[in-house]
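Right, one structure below, let's go through it.
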Amino acid sequence: MHTDTNPRPKLAVWKFASCDGCQLTLLDCEDELLGIADKIDVSHFLEASSAVAPGPYDLSLVEGSVTTPQDAERIRHVRAVSRRLVTIGACATAGGVQALRNYADVAEFQAAVYARPDYVATLATSTPISAHVPVDFELRGCPIDRRQLVEVITAHLAGRTPDVPRHSVCFECKRRGTTCVTVALGTPCLGPVTHAGCGAICPSYGRGCYGCFGPSNSTNFPSFVPLLRRDGMDTLDVVRVLRTFNTAAEEFDAVSRAEDEQR
């Protein structure tokens, strides 16, 4: 925690296998970060600056999943030099869309894409950071919500637990007065089982939730999947809607595999 007698806490931002969208969300927090800019030292953030200060770091934000042997080794180093480690985004918290490799033969993908696949060092799976090292907090989303990101950083400075909701997207729809697309239109929607944080953007435009923020803490898939079928989805549709940004999230993964076995 920052005090007048201690140096400013060091913030580090790290990238693994990802699209950089969550790091760009941090860069997009220009106005929000002005209020805490004098209380924290951004010591390692290659997306923003090539200047790097040595660790240890008080808070590390990690974007991306582990997909190579080098990644697996590097994340252990990141954990060793970080007092608190927070994973940000679907790739870091659930393996990302690249975890689709987990359901197929990676060697076949490599042979189809690369002329010399023997030059490519990769793992058979894409896994979240928590599968390799202890994680202090997970911030969901594809990409993350910048308000939640600022909350995580300010909570660290204040020495408290981040106030990030754990309820489903349905709560956000109710809060903003959005008509339920499933009830009113019969549109399949993952809102009942998806973590809140996006502000229920898709339902507000008459579209079903795509599950960008991963499973909520109150998922009940045995009751939910029949609702998707009632709204017109077949087994393949259910598998596809669960295998997107958070495909390797434990709850989504278990259901999609069970559905896939029925095909």
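Okay, here's what the table says:
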read-out: Within the stretch 84-117, tally of residues that are in contact with a strand residue (DSSP E or B) (Cβ under 7 Å, 6 or more places away or on another chain) and β-branched (V, I, T); value: 4
read-out: Complete set of residues in the stretch 183-206 that are under 15 Å from D231 (Cβ atoms) and touching a helix residue (DSSP H, G or I) at 6+ places or on another chain (Cβ under 7 Å); value: T187, P188, C189, L190, G191, P192, V193, P203, G206
read-out: Residue ID - surrounded by the most Cβ atoms within 10 Å (Cβ to Cβ), chosen from residues in the stretch 103-143 that are over 20 Å from S256 (Cα atoms) and of a type in the set (V, I, T); value: I129
read-out: Verdict on P222 being out of contact with any Cys (no Cβ under 7 Å at 6 or more places or on another chain) and modelled with pLDDT under 90; value: yes
read-out: Residue in the stretch 233-241 that is under 18 Å from the mean Cα position of the chain (by Cα), closer than 24 Å to G64 by Cβ, in a loop (DSSP other than H, G, I, E, B) and of a type outside the set (D, E, K, R) present; value: no
read-out: Residues of the stretch 199-219 satisfying the condition of being surrounded by fewer than 20 Cβ atoms within 10 Å (Cβ to Cβ), of a type in the set (F, W, Y) and in contact (Cβ under 8 Å) with a residue 24 or more places away in the chain; value: Y210
read-out: Any hit, the stretch 127-148, residues being of a type in the set (S, T, N, Q), outside the structural domain of C209 (by TED's automatic domain parsing), over 16 Å from R83 (Cα atoms) and assigned to a helix (DSSP H, G or I); value: yes
read-out: Per-region count, the stretch 84-108, residues in a strand (DSSP E or B) and either without any contact (Cβ under 8 Å) to a residue 40 or more places away in the chain or among the β-branched types (V, I, T) (or both); value: 3
read-out: Which listed residue is in contact (Cβ under 8 Å) with a residue 60 or more places away in the chain and aliphatic (A, V, I, L, M), from A155, A196, A131; value: A131
read-out: From the options G199, G206, residue that is at positive phi, in contact with a Leu (Cβ under 8 Å, 6 or more places away or on another chain), of a type outside the set (S, T, N, Q) and assigned to a loop (DSSP other than H, G, I, E, B); value: G206
read-out: Hey, E172 charged (D, E, K, R), surrounded by fewer than 19 Cβ atoms within 10 Å (Cβ to Cβ) and in a helix (DSSP H, G or I) or not; value: no
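The values are calculated or read from the model by the stated rules, or taken from the named source; none is laboratory data. Please read all numbers here as calculations on a predicted model, not as lab measurements. With ideal geometry, Cβ positions are generated from the backbone for all residues, glycine too; neighbour counts draw on all protein chains shown.
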